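Notes follow the structure.
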Amino acid sequence: VREEHDELIGRIVDELRVLPAVPADATARVLARVDAARRGGTPSASVSDDDDVIFFPAVTDEMATPGPLAHSAPGAANGGGPARGGLRRRFMVSLPAAIGYALAATLAGFLIRGALPRKADPITAAREARRDDTSASAGVAVRPVAAVVSREAQEAPVATQFVLDASRAKSVSLVGDFNAWDGAKTPLVRDSASGMWSAVVPVTPGRHVYAFLVDGKTWTLDPQAPKTKDSDYGTEQSVIIVGLR
Amino acid sequence: MRASRYAAVTLALIALPAATSRRAEAQGARPADLDSATAAAIAPIVQQARSASLPVELLYAKAREGEVQRAPVARIEAAVRALAARMQTASEALAPNPTVQELAAAADALKVGVPRETLREMRRRGRDGSLAVPIGVLTQLVVRGVPVEKASVQVVDLLQRGAVPKHFIALDERVREDVLAGKRPDESLDLRLKGIIPNLPQQATAEALSATPGNKRPR
(Lines give C-alpha, C1' and ligand atoms only; values in the text may rest on other atoms or scores of the structure.)
Protein backbone atom coordinates (compact mmCIF):
# COMPACT_ATOMS: atom_id res chain seq x y z
CA VAL A 1 0.00 0.00 0.00
CA ARG A 2 2.76 2.40 0.92
CA GLU A 3 4.06 4.32 -2.03
CA GLU A 4 7.72 4.90 -2.38
CA HIS A 5 7.54 8.68 -2.93
CA ASP A 6 4.56 9.61 -0.85
CA GLU A 7 6.08 11.84 1.79
CA LEU A 8 2.88 12.45 3.70
CA ILE A 9 2.14 8.81 4.21
CA GLY A 10 5.71 8.24 5.19
CA ARG A 11 5.42 10.87 7.92
CA ILE A 12 2.19 9.37 9.21
CA VAL A 13 3.68 5.94 9.36
CA ASP A 14 6.73 7.22 11.18
CA GLU A 15 4.60 9.03 13.74
CA LEU A 16 2.35 6.11 14.40
CA ARG A 17 5.31 3.86 14.87
CA VAL A 18 6.73 5.88 17.74
CA LEU A 19 3.45 6.42 19.58
CA PRO A 20 2.67 4.15 22.51
CA ALA A 21 -0.53 2.21 23.05
CA VAL A 22 -1.57 2.10 19.44
CA PRO A 23 -3.40 -1.03 18.35
CA ALA A 24 -1.32 -3.37 16.30
CA ASP A 25 -3.44 -2.95 13.19
CA ALA A 26 -3.75 0.83 13.44
CA THR A 27 -1.05 1.58 10.92
CA ALA A 28 -2.52 -0.80 8.42
CA ARG A 29 -6.00 0.65 8.90
CA VAL A 30 -4.84 4.18 8.39
CA LEU A 31 -3.01 3.31 5.26
CA ALA A 32 -6.02 1.41 3.99
CA ARG A 33 -8.29 4.37 4.61
CA VAL A 34 -6.02 6.78 2.87
CA ASP A 35 -5.57 4.50 -0.02
CA ALA A 36 -9.31 4.05 -0.34
CA ALA A 37 -9.88 7.76 -0.25
CA ARG A 38 -7.36 8.36 -2.97
CA ARG A 39 -8.70 5.65 -5.17
CA GLY A 40 -12.15 7.14 -4.84
CA GLY A 41 -10.78 10.43 -6.21
CA THR A 42 -11.89 12.57 -3.26
CA PRO A 43 -9.83 13.18 -0.19
CA SER A 44 -11.59 12.14 2.93
CA ALA A 45 -12.61 15.21 4.92
CA SER A 46 -12.59 13.38 8.20
CA VAL A 47 -12.16 9.71 8.44
CA SER A 48 -12.81 8.24 11.77
CA ASP A 49 -13.67 4.83 13.02
CA ASP A 50 -16.44 3.90 15.31
CA ASP A 51 -13.98 2.74 17.91
CA ASP A 52 -12.48 6.26 17.90
CA VAL A 53 -8.98 4.88 17.99
CA ILE A 54 -7.77 6.34 14.78
CA PHE A 55 -8.41 9.82 13.55
CA PHE A 56 -6.96 11.22 10.43
CA PRO A 57 -7.67 14.84 9.52
CA ALA A 58 -8.33 16.08 6.06
CA VAL A 59 -5.55 15.67 3.57
CA THR A 60 -4.91 19.03 2.02
CA ASP A 61 -2.11 20.68 0.13
CA GLU A 62 -1.29 22.60 3.26
CA MET A 63 -0.73 19.41 5.17
CA ALA A 64 1.20 17.87 2.36
CA THR A 65 3.92 20.46 2.92
CA PRO A 66 3.69 21.31 6.56
CA GLY A 67 5.58 24.19 8.10
CA PRO A 68 7.85 23.92 11.09
CA LEU A 69 4.96 24.34 13.53
CA ALA A 70 2.76 21.79 11.82
CA HIS A 71 3.81 18.79 13.77
CA SER A 72 1.53 16.01 14.87
CA ALA A 73 0.39 15.73 18.40
CA PRO A 74 0.26 12.36 20.11
CA GLY A 75 -3.41 12.82 20.87
CA ALA A 76 -4.22 12.78 17.20
CA ALA A 77 -3.53 9.13 16.95
CA ASN A 78 -4.58 7.82 20.29
CA GLY A 79 -7.93 9.38 20.94
CA GLY A 80 -7.73 13.09 20.29
CA GLY A 81 -11.00 13.11 18.33
CA PRO A 82 -11.98 15.01 15.20
CA ALA A 83 -12.51 18.38 16.87
CA ARG A 84 -9.07 18.37 18.39
CA GLY A 85 -7.39 17.47 15.11
CA GLY A 86 -9.34 20.10 13.21
CA LEU A 87 -8.46 22.72 15.79
CA ARG A 88 -4.80 21.90 15.48
CA ARG A 89 -4.91 22.12 11.72
CA ARG A 90 -6.63 25.50 11.73
CA PHE A 91 -3.91 27.01 13.88
CA MET A 92 -1.03 25.86 11.78
CA VAL A 93 1.09 28.86 10.78
CA SER A 94 4.54 29.29 9.38
CA LEU A 95 7.38 30.55 11.59
CA PRO A 96 7.78 33.97 9.88
CA ALA A 97 4.05 34.56 10.20
CA ALA A 98 4.13 33.60 13.88
CA ILE A 99 7.00 36.00 14.55
CA GLY A 100 5.11 38.72 12.70
CA TYR A 101 1.99 38.14 14.77
CA ALA A 102 4.00 38.22 17.99
CA LEU A 103 5.70 41.49 17.06
CA ALA A 104 2.41 43.06 16.05
CA ALA A 105 0.79 42.00 19.32
CA THR A 106 3.70 43.40 21.32
CA LEU A 107 3.57 46.69 19.44
CA ALA A 108 -0.18 46.91 19.95
CA GLY A 109 0.28 46.32 23.65
CA PHE A 110 2.81 49.12 23.91
CA LEU A 111 0.57 51.47 21.97
CA ILE A 112 -2.45 50.70 24.13
CA ARG A 113 -0.50 51.24 27.32
CA GLY A 114 1.19 54.34 25.97
CA ALA A 115 4.52 52.88 26.97
CA LEU A 116 6.38 53.69 23.78
CA PRO A 117 8.74 56.65 24.23
CA ARG A 118 7.68 59.64 22.18
CA LYS A 119 10.33 62.01 20.88
CA ALA A 120 9.08 65.53 21.47
CA ASP A 121 10.46 68.57 19.72
CA PRO A 122 11.89 71.31 21.94
CA ILE A 123 8.86 73.58 21.51
CA THR A 124 6.45 70.86 22.55
CA ALA A 125 8.66 69.93 25.48
CA ALA A 126 8.82 73.54 26.59
CA ARG A 127 5.04 73.87 26.33
CA GLU A 128 4.50 70.75 28.39
CA ALA A 129 7.03 71.93 30.93
CA ARG A 130 5.25 75.27 31.19
CA ARG A 131 1.98 73.43 31.75
CA ASP A 132 3.63 71.47 34.54
CA ASP A 133 4.98 74.63 36.01
CA THR A 134 1.56 76.27 35.94
CA SER A 135 0.09 73.40 37.88
CA ALA A 136 2.95 73.76 40.33
CA SER A 137 1.86 77.30 40.99
CA ALA A 138 -1.60 76.00 41.75
CA GLY A 139 -0.21 73.86 44.53
CA VAL A 140 0.22 70.52 42.76
CA ALA A 141 3.46 68.79 43.58
CA VAL A 142 5.48 68.35 40.40
CA ARG A 143 9.12 68.27 39.56
CA PRO A 144 10.67 71.58 38.67
CA VAL A 145 10.90 72.43 34.98
CA ALA A 146 14.66 72.26 35.08
CA ALA A 147 14.49 68.53 35.59
CA VAL A 148 12.10 68.01 32.66
CA VAL A 149 13.33 70.16 29.79
CA SER A 150 16.84 70.03 28.42
CA ARG A 151 19.08 73.04 28.92
CA GLU A 152 19.20 73.65 25.16
CA ALA A 153 15.40 73.70 24.96
CA GLN A 154 15.25 76.27 27.76
CA GLU A 155 17.67 78.44 25.84
CA ALA A 156 15.63 78.49 22.63
CA PRO A 157 15.41 82.04 21.26
CA VAL A 158 12.41 84.15 22.14
CA ALA A 159 10.95 86.63 19.65
CA THR A 160 11.58 90.03 21.21
CA GLN A 161 10.42 93.41 19.94
CA PHE A 162 12.59 96.49 20.07
CA VAL A 163 10.98 99.89 19.50
CA LEU A 164 12.44 103.38 19.20
CA ASP A 165 10.57 106.63 18.70
CA ALA A 166 12.82 108.57 16.37
CA SER A 167 10.63 110.34 13.87
CA ARG A 168 13.43 112.40 12.36
CA ALA A 169 15.78 109.45 11.81
CA LYS A 170 16.52 108.26 8.31
CA SER A 171 17.64 104.83 9.47
CA VAL A 172 17.81 102.94 12.74
CA SER A 173 19.59 99.69 13.43
CA LEU A 174 19.95 97.54 16.51
CA VAL A 175 23.30 96.48 17.92
CA GLY A 176 23.71 94.19 20.89
CA ASP A 177 25.42 91.13 22.23
CA PHE A 178 22.66 88.98 20.68
CA ASN A 179 23.61 90.00 17.12
CA ALA A 180 27.37 90.30 17.66
CA TRP A 181 27.04 94.11 17.60
CA ASP A 182 26.44 94.00 13.87
CA GLY A 183 24.01 96.75 12.92
CA ALA A 184 23.62 95.43 9.40
CA LYS A 185 22.00 92.31 10.75
CA THR A 186 19.08 94.07 12.40
CA PRO A 187 17.71 97.18 10.72
CA LEU A 188 14.54 98.61 12.25
CA VAL A 189 11.51 99.32 10.08
CA ARG A 190 9.57 102.53 10.33
CA ASP A 191 5.86 102.27 10.99
CA SER A 192 4.17 104.75 8.68
CA ALA A 193 1.24 105.35 11.01
CA SER A 194 3.08 106.04 14.25
CA GLY A 195 6.45 107.04 12.85
CA MET A 196 8.13 104.64 15.29
CA TRP A 197 10.89 102.23 14.39
CA SER A 198 10.68 98.60 15.39
CA ALA A 199 12.13 95.14 14.84
CA VAL A 200 11.34 91.71 16.18
CA VAL A 201 14.46 89.71 16.89
CA PRO A 202 14.97 86.16 18.16
CA VAL A 203 16.99 86.51 21.37
CA THR A 204 18.18 83.74 23.64
CA PRO A 205 16.92 83.88 27.25
CA GLY A 206 19.15 85.81 29.64
CA ARG A 207 20.44 89.31 30.28
CA HIS A 208 21.51 91.24 27.20
CA VAL A 209 22.90 94.69 26.51
CA TYR A 210 22.16 96.69 23.40
CA ALA A 211 21.73 100.11 21.83
CA PHE A 212 20.30 101.70 18.70
CA LEU A 213 22.44 103.20 15.97
CA VAL A 214 20.55 106.12 14.50
CA ASP A 215 21.51 107.11 10.97
CA GLY A 216 24.36 104.65 11.14
CA LYS A 217 26.44 106.56 13.71
CA THR A 218 24.55 107.97 16.70
CA TRP A 219 24.65 105.66 19.72
CA THR A 220 21.16 105.86 21.24
CA LEU A 221 19.80 104.14 24.35
CA ASP A 222 16.35 102.65 24.66
CA PRO A 223 14.36 105.08 26.80
CA GLN A 224 12.04 102.28 27.92
CA ALA A 225 14.79 100.00 29.24
CA PRO A 226 17.14 100.12 32.21
CA LYS A 227 20.66 101.16 31.41
CA THR A 228 24.09 100.15 32.58
CA LYS A 229 27.60 101.44 32.10
CA ASP A 230 30.00 99.09 30.36
CA SER A 231 33.35 99.11 32.10
CA ASP A 232 35.18 97.70 29.07
CA TYR A 233 34.52 100.60 26.73
CA GLY A 234 33.03 103.17 29.09
CA THR A 235 29.74 103.63 27.28
CA GLU A 236 26.18 103.27 28.50
CA GLN A 237 24.01 100.46 27.19
CA SER A 238 20.39 99.43 27.51
CA VAL A 239 19.61 96.19 29.33
CA ILE A 240 16.95 93.60 28.63
CA ILE A 241 16.27 90.32 30.38
CA VAL A 242 14.69 87.89 27.94
CA GLY A 243 12.73 84.80 28.88
CA LEU A 244 9.31 83.22 28.81
CA ARG A 245 7.02 84.93 31.29
CA MET B 1 26.20 62.22 -20.07
CA ARG B 2 28.41 65.24 -20.43
CA ALA B 3 25.53 67.52 -19.56
CA SER B 4 24.86 65.65 -16.33
CA ARG B 5 28.53 65.98 -15.39
CA TYR B 6 28.43 69.70 -15.97
CA ALA B 7 25.28 69.91 -13.88
CA ALA B 8 26.90 68.00 -11.00
CA VAL B 9 30.00 70.21 -11.06
CA THR B 10 27.87 73.34 -11.14
CA LEU B 11 25.81 72.16 -8.16
CA ALA B 12 28.99 71.35 -6.24
CA LEU B 13 30.41 74.79 -6.94
CA ILE B 14 27.21 76.41 -5.72
CA ALA B 15 27.03 74.30 -2.57
CA LEU B 16 30.71 74.52 -1.58
CA PRO B 17 30.84 78.17 -0.46
CA ALA B 18 27.68 77.79 1.61
CA ALA B 19 28.99 74.66 3.32
CA THR B 20 32.39 76.25 3.95
CA SER B 21 30.81 79.37 5.39
CA ARG B 22 28.57 77.33 7.68
CA ARG B 23 31.53 75.28 8.92
CA ALA B 24 33.60 78.39 9.57
CA GLU B 25 30.69 79.92 11.46
CA ALA B 26 30.36 76.82 13.61
CA GLN B 27 34.06 76.90 14.41
CA GLY B 28 33.91 80.55 15.42
CA ALA B 29 35.83 81.86 12.44
CA ARG B 30 36.76 85.52 12.34
CA PRO B 31 33.86 87.70 11.19
CA ALA B 32 34.54 89.22 7.79
CA ASP B 33 33.67 92.72 9.00
CA LEU B 34 36.22 92.79 11.83
CA ASP B 35 39.04 95.26 11.21
CA SER B 36 42.30 93.54 10.28
CA ALA B 37 44.29 95.37 12.97
CA THR B 38 41.79 94.34 15.62
CA ALA B 39 41.75 90.78 14.31
CA ALA B 40 45.53 90.57 14.47
CA ALA B 41 45.62 91.98 18.00
CA ILE B 42 43.16 89.47 19.40
CA ALA B 43 44.31 86.46 17.35
CA PRO B 44 46.57 84.99 20.10
CA ILE B 45 43.80 85.37 22.69
CA VAL B 46 41.33 83.68 20.36
CA GLN B 47 43.78 80.88 19.65
CA GLN B 48 44.32 80.27 23.35
CA ALA B 49 40.58 80.31 24.02
CA ARG B 50 39.97 77.89 21.20
CA SER B 51 42.53 75.46 22.57
CA ALA B 52 40.74 75.69 25.92
CA SER B 53 37.43 74.84 24.17
CA LEU B 54 35.90 78.21 25.00
CA PRO B 55 33.35 79.71 22.57
CA VAL B 56 35.42 82.21 20.61
CA GLU B 57 32.39 83.86 19.03
CA LEU B 58 31.90 85.72 22.31
CA LEU B 59 35.42 87.14 21.98
CA TYR B 60 34.78 88.26 18.42
CA ALA B 61 31.53 89.88 19.53
CA LYS B 62 33.37 91.78 22.27
CA ALA B 63 35.88 93.02 19.69
CA ARG B 64 33.10 94.03 17.35
CA GLU B 65 31.39 95.89 20.21
CA GLY B 66 34.56 97.92 20.67
CA GLU B 67 34.78 98.72 16.98
CA VAL B 68 31.16 99.89 16.89
CA GLN B 69 31.97 102.22 19.77
CA ARG B 70 35.16 103.34 18.02
CA ALA B 71 37.42 102.16 20.82
CA PRO B 72 41.18 102.01 20.13
CA VAL B 73 42.66 98.62 19.29
CA ALA B 74 44.61 98.45 22.56
CA ARG B 75 41.43 98.89 24.55
CA ILE B 76 39.64 96.29 22.46
CA GLU B 77 42.47 93.86 23.01
CA ALA B 78 42.36 94.45 26.77
CA ALA B 79 38.60 93.95 26.85
CA VAL B 80 38.82 90.72 24.86
CA ARG B 81 41.64 89.44 27.08
CA ALA B 82 39.65 90.20 30.23
CA LEU B 83 36.59 88.48 28.79
CA ALA B 84 38.60 85.38 27.92
CA ALA B 85 39.86 85.19 31.50
CA ARG B 86 36.33 85.54 32.89
CA MET B 87 35.06 82.88 30.51
CA GLN B 88 37.75 80.51 31.71
CA THR B 89 36.75 81.11 35.33
CA ALA B 90 33.08 80.75 34.44
CA SER B 91 33.72 77.52 32.57
CA GLU B 92 35.39 76.01 35.61
CA ALA B 93 32.66 77.22 37.96
CA LEU B 94 29.81 75.92 35.78
CA ALA B 95 31.47 72.63 34.90
CA PRO B 96 31.01 70.09 33.49
CA ASN B 97 29.20 71.32 30.38
CA PRO B 98 28.05 74.94 30.44
CA THR B 99 26.25 76.31 27.41
CA VAL B 100 27.43 79.36 25.50
CA GLN B 101 24.59 81.42 26.99
CA GLU B 102 25.52 80.34 30.49
CA LEU B 103 29.16 81.21 29.91
CA ALA B 104 28.25 84.64 28.56
CA ALA B 105 25.97 85.31 31.53
CA ALA B 106 28.53 84.06 34.04
CA ALA B 107 31.28 86.17 32.49
CA ASP B 108 29.07 89.25 32.93
CA ALA B 109 28.29 88.25 36.52
CA LEU B 110 31.97 87.91 37.36
CA LYS B 111 32.52 91.33 35.86
CA VAL B 112 30.13 92.98 38.34
CA GLY B 113 31.65 91.14 41.30
CA VAL B 114 29.67 87.93 41.68
CA PRO B 115 32.06 85.40 43.24
CA ARG B 116 32.84 82.18 41.42
CA GLU B 117 31.65 80.21 44.44
CA THR B 118 28.18 81.59 43.85
CA LEU B 119 28.24 80.35 40.27
CA ARG B 120 29.41 76.95 41.44
CA GLU B 121 26.62 76.82 44.00
CA MET B 122 24.08 77.88 41.39
CA ARG B 123 25.11 75.02 39.14
CA ARG B 124 24.78 72.61 42.05
CA ARG B 125 21.37 73.87 43.18
CA GLY B 126 20.03 74.51 39.68
CA ARG B 127 20.37 70.84 38.71
CA ASP B 128 20.17 70.46 34.93
CA GLY B 129 18.32 73.69 34.21
CA SER B 130 19.80 76.53 32.20
CA LEU B 131 21.34 79.20 34.43
CA ALA B 132 21.40 81.91 31.76
CA VAL B 133 18.36 83.74 33.18
CA PRO B 134 19.08 83.26 36.92
CA ILE B 135 22.66 84.47 36.48
CA GLY B 136 21.45 87.37 34.35
CA VAL B 137 18.95 88.43 37.00
CA LEU B 138 21.60 88.12 39.69
CA THR B 139 23.86 90.40 37.65
CA GLN B 140 21.08 92.92 37.18
CA LEU B 141 20.20 92.91 40.89
CA VAL B 142 23.83 93.71 41.70
CA VAL B 143 23.93 96.41 39.02
CA ARG B 144 20.77 97.94 40.54
CA GLY B 145 22.46 98.20 43.90
CA VAL B 146 21.60 95.06 45.84
CA PRO B 147 24.71 93.97 47.79
CA VAL B 148 26.32 91.07 45.94
CA GLU B 149 26.34 88.78 49.00
CA LYS B 150 22.64 89.29 49.64
CA ALA B 151 21.69 88.89 45.99
CA SER B 152 23.81 85.74 45.71
CA VAL B 153 22.23 84.09 48.74
CA GLN B 154 18.70 84.87 47.62
CA VAL B 155 19.18 83.71 44.03
CA VAL B 156 20.79 80.45 45.16
CA ASP B 157 17.92 79.95 47.59
CA LEU B 158 15.38 80.46 44.81
CA LEU B 159 17.12 77.82 42.70
CA GLN B 160 17.11 75.47 45.65
CA ARG B 161 13.34 75.95 45.95
CA GLY B 162 12.84 75.06 42.27
CA ALA B 163 12.42 78.53 40.79
CA VAL B 164 12.39 78.67 36.97
CA PRO B 165 13.27 81.55 34.62
CA LYS B 166 9.80 83.12 34.77
CA HIS B 167 10.11 83.50 38.54
CA PHE B 168 13.47 85.24 38.21
CA ILE B 169 12.16 87.51 35.47
CA ALA B 170 9.14 88.44 37.60
CA LEU B 171 11.43 89.21 40.53
CA ASP B 172 13.63 91.43 38.38
CA GLU B 173 10.66 93.36 36.98
CA ARG B 174 9.15 94.00 40.42
CA VAL B 175 12.42 95.15 41.94
CA ARG B 176 12.93 97.42 38.97
CA GLU B 177 9.50 99.00 39.47
CA ASP B 178 10.19 99.49 43.17
CA VAL B 179 13.57 101.08 42.54
CA LEU B 180 12.04 103.42 39.95
CA ALA B 181 9.44 104.33 42.58
CA GLY B 182 12.21 105.26 44.99
CA LYS B 183 12.51 102.12 47.14
CA ARG B 184 15.86 100.74 48.26
CA PRO B 185 16.95 97.78 46.07
CA ASP B 186 17.76 95.42 48.97
CA GLU B 187 14.48 96.17 50.76
CA SER B 188 12.58 95.67 47.53
CA LEU B 189 14.29 92.31 47.04
CA ASP B 190 13.23 91.13 50.51
CA LEU B 191 9.67 92.29 49.93
CA ARG B 192 9.26 90.82 46.47
CA LEU B 193 10.69 87.44 47.46
CA LYS B 194 7.76 87.04 49.84
CA GLY B 195 5.43 87.16 46.85
CA ILE B 196 7.40 84.70 44.74
CA ILE B 197 8.47 81.98 47.15
CA PRO B 198 4.94 80.67 47.90
CA ASN B 199 4.48 79.92 44.18
CA LEU B 200 7.62 77.85 43.81
CA PRO B 201 7.32 74.11 43.13
CA GLN B 202 9.12 72.88 46.24
CA GLN B 203 7.30 75.35 48.44
CA ALA B 204 3.98 74.17 47.00
CA THR B 205 5.01 70.58 47.59
CA ALA B 206 5.90 71.27 51.20
CA GLU B 207 2.61 73.09 51.81
CA ALA B 208 0.60 70.33 50.12
CA LEU B 209 2.29 67.72 52.32
CA SER B 210 1.70 69.74 55.47
CA ALA B 211 -1.97 70.13 54.57
CA THR B 212 -2.45 66.38 54.14
CA PRO B 213 -4.16 64.70 57.13
CA GLY B 214 -1.61 62.83 59.20
CA ASN B 215 1.19 65.13 58.11
CA LYS B 216 0.40 68.03 60.39
CA ARG B 217 3.29 70.00 61.68
CA PRO B 218 4.03 69.58 65.37
CA ARG B 219 3.04 72.56 67.44
ask   = Can you find a residue in segment B:125-134 that is crowded, with 18+ Cβ neighbours inside 10 Å and away from chain A (no Cβ under 11 Å)?
value = no
request  = Name, by its number, the condition in (1) basic (K, R); (2) within 17 Å of A:R151 (Cα to Cα); (3) more than 8 Å from every other protein chain (Cβ to nearest Cβ) that does not hold for B:R81.
outcome  = (2)
ask   = Given the conditions (1) at pLDDT below 95; (2) more than 9 Å from chain A (Cβ to nearest Cβ), which single one is not true for B:E207?
value = (2)
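Criterion first (of a type outside the set (K, R) and away from every other protein chain (no Cβ under 13 Å)) does B:A181 satisfy it?
On the way: of a type outside the set (K, R): yes; away from every other protein chain (no Cβ under 13 Å): yes.
Yes.
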note = Taking segment A:4-20 and keeping residues modelled with pLDDT under 75 and open to solvent by 100 Å² or more (accessible area, probe 1.4 Å) leaves A:E4, A:H5, A:R17, A:V18
query = When segment A:179-197 is examined, which residues are found to be within 14 Å of chain B (Cβ to nearest Cβ) and of a type in the set (G, A, S)?
reply = A:A180, A:G183, A:A184
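Name the residue, out of A:S173, A:S167, that is at pLDDT below 95 and among the polar types (S, T, N, Q). Outline the logic, then answer.
Details: A:S173 fails: at pLDDT below 95.
Of the residues listed, the single one that is at pLDDT below 95 and among the polar types (S, T, N, Q) is A:S167.
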ask   = Yes or no: B:V155 in contact with a Phe, Trp or Tyr (Cβ under 8 Å, 6 or more places away or on another chain), away from every other protein chain (no Cβ under 11 Å) and of a type in the set (A, V, I, L, M, F, W, C)?
value = yes
task = Return a yes/no flag: does segment A:174-184 have any residue that is touching a residue at least 40 places away in the same chain (Cβ under 8 Å) and more than 19 Å from B:L59 (Cα to Cα).
result = no
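Is it the case that B:A61 is open to solvent by less than 20 Å² (accessible area, probe 1.4 Å), within 9 Å of chain A (Cβ to nearest Cβ) and either on the phi > 0 side of the Ramachandran plot or at pLDDT 90 or above (or both)? If you could, list the steps in order and put the result at the bottom.
On the way: open to solvent by less than 20 Å² (accessible area, probe 1.4 Å): yes; within 9 Å of chain A (Cβ to nearest Cβ): yes; either on the phi > 0 side of the Ramachandran plot or at pLDDT 90 or above (or both): yes.
Spelling it out, B:A61 is indeed open to solvent by less than 20 Å² (accessible area, probe 1.4 Å), within 9 Å of chain A (Cβ to nearest Cβ) and either on the phi > 0 side of the Ramachandran plot or at pLDDT 90 or above (or both).
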request  = Would you please name the residue that is surrounded by the fewest Cβ atoms within 10 Å (Cβ to Cβ), looking only at residues in segment B:95-116 that are more than 8 Å from chain A (Cβ to nearest Cβ) and among the small types (G, A, S)?
outcome  = B:A95
query = If we only count strands (runs of 3 or more DSSP E) wholly inside segment A:191-245, which ones have 1 or more residues that are surrounded by fewer than 18 Cβ atoms within 10 Å (Cβ to Cβ)?
reply = A:197-203, A:218-220, A:227-229, A:236-242
message = For segment A:152-178, which positions are more than 21 Å from A:T235 (Cβ to Cβ), under 42 Å from the mean Cα position of the chain (by Cα) and away from every other protein chain (no Cβ under 14 Å)?
response = A:A159, A:Q161
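The values are calculated or read from the model by the stated rules, or taken from the named source; none is laboratory data. All values derive from a computational prediction rather than experimental measurement. Glycine also receives a Cβ, built like all others from the backbone with ideal geometry; neighbour counts cover every protein chain displayed. We work out accessible area using only protein heavy atoms, side chains counted, and drop any ligands, DNA or RNA first. Shrake-Rupley method; radii C 1.70, N 1.55, O 1.52, S 1.80 Å.
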